[in-house]
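Taking it in order: structure first as structure tokens, then the write-up.
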Amino acid sequence: MKVSQGDEHFFELAIQTVLHNNKHRLHAPLNSGEDDLFLQDMSREIMQKAQTFKTITDAAIRELESDSGAAWWEDAR
């Protein structure tokens, strides 16, 4: 994922989501090999979730900016 200015909120949401989804594993004792794999898995999941959130947001913006959504968008302002 190419990170641009303004993408911080995607990473914040992704980090919160991944930490919440793995809260049961955060308290479990692990050995160093498992720790490394766990951190790699979480890092990969954070990047995937951030990309997913960005893709969904970009699609919603395009939809709102399209001709059919433009009238609705103007009314919503």
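A short reminder: the numbers here are calculations on the coordinates, not readings from a lab. Because the structure is a prediction, the values reported are computed rather than measured. For neighbour counting, all protein chains shown are included, and Cβ atoms are generated from backbone atoms with ideal geometry for every residue, glycine included.
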Problem - Residue-span extension gain [HIS24 to ASP7] - 0.36 nm each, minus C-alpha spacing - result: 3.3 nm
Completion exercise
Taking a ≥ b ≥ c as the square roots of the Cα gyration tensor eigenvalues, with a/c under 1.5 meaning rounded and otherwise prolate when a/b beats b/c or oblate if not, region 1-56 comes out prolate
Problem - Approximate spin-label separation GLU45-SER32, in nm, with each point projected 7 Å along Cα-to-Cβ - result: 2.4
Completion exercise
Given Cβ charges of +1 for Lys and Arg and -1 for Asp and Glu, the option among PHE38, PHE10, ILE61 whose Cα lies farthest towards the positive end of the dipole of region 1-68 is PHE38
